Structures are given as C-alpha cells and as structure tokens.
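Before any comments, here is the structure.
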Amino acid sequence: MIALGIETSCDETSIAVYSEKEGTLSSKIFSQAEIHANFGGVIPEVASRNHIQKIQPLYEECMKESGIKEKDIDIIGVTNAPGLIGALFVGVSFAKGLGYGLNKPVMPVHHLAGHILSAELSYPDLKPPYTALIISGGHTHIFDVDKALNFTLIGKTIDDAAGEVFDKTARVMGGPYPGGLFIQNMAKKGDRLKIKFPVAFKNEPRFSFSGLKTSVINTINKGEYSYEDIAASFQYTVAKTLAEKVFAVAESMKRDKIVVGGGVAANEEIRKVFNDLKADKSVFFPEIARCTDNGEMIAYAATRFYKFRKFLNYSGSAYDTKHSIGIL
C-alpha cells in the first residue's frame, strides 16, 4: 500500500509519501517558526494563509521526489483533529479535493495517534501494546495502546502543556519563540539540582504545570539564582515529572514498552532522564526530525488504520473527532 500523508494542524505544512514495501519515499515540511517568532507565538490566521500558499507546491515537490504517479496512491491520510481549526480546514479541504479528483479514499487521522505511531517508523519491529506519552506545545497526554490499536487516555495536563511552559519560561528569560532549544542550551551551563521546584499531583497519572511556571517566574524575579541554574532545574523537574508518571502508568498497565512522541520529545534532558530511569522498560523516542509535526507520520498511520475502513466522506470536516481514526 502507498499512502499520501497531509499535515496542517498548526504551523508546519507537510506532505509525505509512504510505501509499506519501501518505506518513506518522500517527506517535505515547510515550517512557519520564523514567521511566528515575530509575534512570540502562533497566529492562527497567519498559519492558515501560509498553509494555503504552500500546500500545493509541497505536494507537487513531494510527488516528483517520490517517483510515483498519482494513480499509484492507494489512500490519502490527513490530520483532521486536533489543532487550529483554520489550519486543519486547509489540509482537509485539500485532501478531499485530491481524493475526489483521483477517486481515492481519504482517511481522517487523529494528530496524537500520528505522533504515537511515528515511533514505529523509527523502530520497524515496535508494535503495541505499549504506554505512550505525547508532549508538545499543546499536549501532555498519556495513552495506553493495545494490540488492536485502541488508544485509551490515562491522564493529561489540566492546564499548561509541557511545551507551552517551556515557551513561557523562555519568554520571561528574554528568549525566542519557540523556547525549547533556548532552555535546553542554557540548561547545559547550569546545575539541574540547584533549585527544587514543585511537582503537582504526585503519584497521579495527570499533570499540572501552571504552578511550576509561577514558581519559575517568581524565582527569576527574585534574582537569587542564575538563569542557567533556573533553566537546568526547571528542565530537570519537567523531565523527571514526565518520566515518573509515565513509568508508574506502564507498571500499573503491565506494559514493558514506552513510546514518547511530539515536539518536546526532541529535548535531550527528557531523553536522558527517561533512559536513566527506565529499569526493565524499553523506551522508544522517534528521531528528532520525526518529533515535529510531519506528513510522514500521517501517511504511516493511514496504512495502519486502513483495516478499519473508516473514511472521510465529502461532507466530513476538520475537527470532527467522531470521524478521527485512532483516538476519540
């Protein structure tokens, strides 16, 4: 099976072609990070307009590089939820138009399911059951994934997502948007055990980072510690909180494999802490390039979900989670 993947949930426009036989034939991403950096965050209207401008050229470039013809496509996978509604509309509309023109089925893929399954692209022998953690600018969710590809939500953040608190901490320190790399680089010069920051909901499979954010801001304002030590201690607190909660869930669900995906999964400290604490568990992080939003994970997910035969009809829309494959 050959799948086309379309991803436009936030500020990356991405198209990819994936073959079950040969792997990824082509994957293209246009990132709007530099555009939105001028605003200190993603502007939905700006994101939507850039998706409109880039999606057709990216598709043509991707098809040319893949070496296949349009008739060779078996299925079109597209992110239809969650995300910025205007951005999602661009990808879903493009997918529906392409599906109609080529007479190919369109599969609506849940964005978080795509991130979880992206680890299988990096580790071809990896298959469920496993515990999955998604960490990004908008999400911090723990799922249990069984052999039948049922995704069960175990816990999530009740306020800020992990990526969001990285961005807000960086902004208070005078750093750029997005702030993850800024914090990571600054933390390399600091002592991660210098400051003991608070952890919410200890021994529970849910998250809250708003208290941590407030504590970090107060610490910065007091001026008693260097930015390097604050960054290192903050980053370590987030990493240790994520790891301890996920390992506890995996133990309670009797899972010996843990998948960590999403943009924040690229963080070096988080990867180190997970590997330091894994004990008898196996931890799987996708390659850095596959942590960001990408069409490759959507194309792959479409091949994995094809057996469900749950396609998007022409009246189907973006953000219709009742018609998302993977997570309801």
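Over the chain, Cα pairs under 8 Å with separation of 6+ residues give a relative contact order of 25 percent. Rounded to the nearest whole Hz, the Karplus-based 3J(HN,Hα) values (6.51 cos²θ - 1.76 cosθ + 1.60, θ = phi - 60°) of region 205-210 follow the sequence x, 9, 10, 8, 10, 5, with x at glycine and proline. Over region 1-156, the Kirkwood radius and the radius of gyration, each from Cα atoms, give a ratio Rg/Rh of 0.97. Take every DSSP beta bridge whose two residues both sit in region 60-217, then give the antiparallel share in percent to the nearest 5. Rounded to the nearest five, the antiparallel share is 65 percent. All other residues whose Cβ lies under 12 angstrom from that of THR140 are scored, Lys and Arg at +1 and Asp and Glu at -1, for a net of 0. Which one of ALA37, THR157, SER27 is farthest out on the positive end of the charge dipole of the chain, using unit charges on Cβ (Lys, Arg +1; Asp, Glu -1) and the Cα centre as origin? Farthest towards the positive pole: THR157. All other residues whose Cβ lies under 13 angstrom from that of PHE284 are scored, Lys and Arg at +1 and Asp and Glu at -1, for a net of +3. Note on region 128-290: antiparallel DSSP beta bridges, both residues inside, total approximately 60 percent of the bridges counted. Summarising the amide proton neighbourhood of LYS257: residues at separation of 5 or more, or on other chains, whose placed amide H is nearer than 5 Å comprise THR131, SER282.
Computed packing ranks the peptides 190-197, 134-141 as 134-141, 190-197, most packed first, by mean other Cβ atoms within 10 Å. Working from label points 7 Å from Cα in the Cα-to-Cβ sense, the SER122 to ARG171 distance is 2.8 nm.
Residues whose amide H comes within less than 5 Å of that of LYS278, counting only those at least five positions distant or on another chain, are absent (H built at 1.01 Å from N in the peptide plane).
Where only DSSP H runs of four or more residues are counted, the chain gives -13500 deg cm²/dmol as its mean residue ellipticity at 222 nm, each run worth -39500 (n - 2.57). Taking the empirical scaling 2.2 N^0.38 Å for compact globular proteins as reference, the chain has a Cα radius of gyration ratio of 0.99. Antiparallel beta bridges, as assigned by DSSP with both residues in the chain, represent about 60 percent of the total such bridges.
Take every pair of alpha-carbon atoms less than 8 Å apart whose residues are at least six positions apart; their mean separation over the length of region 128-290 yields a relative contact order of 26 percent. Count the lysine pairs in region 17-108 that are 8 or more places apart or on different chains: how many have C-alpha atoms under 18 angstrom apart? Final tally of qualifying lysine pairs is 11.
Quick one: check the C-alpha center-to-center distance for region 111-188 versus region 264-312, whole angstrom. Between the Cα centres of region 111-188 and region 264-312 lies a distance of 9 Å.
Only the coordinates and a few stated rules stand behind these numbers; no lab work does. All values reported here derive from a predicted model rather than from experimental measurement. With ideal geometry, Cβ positions are generated from the backbone for all residues, glycine too; neighbour counts draw on all protein chains shown.
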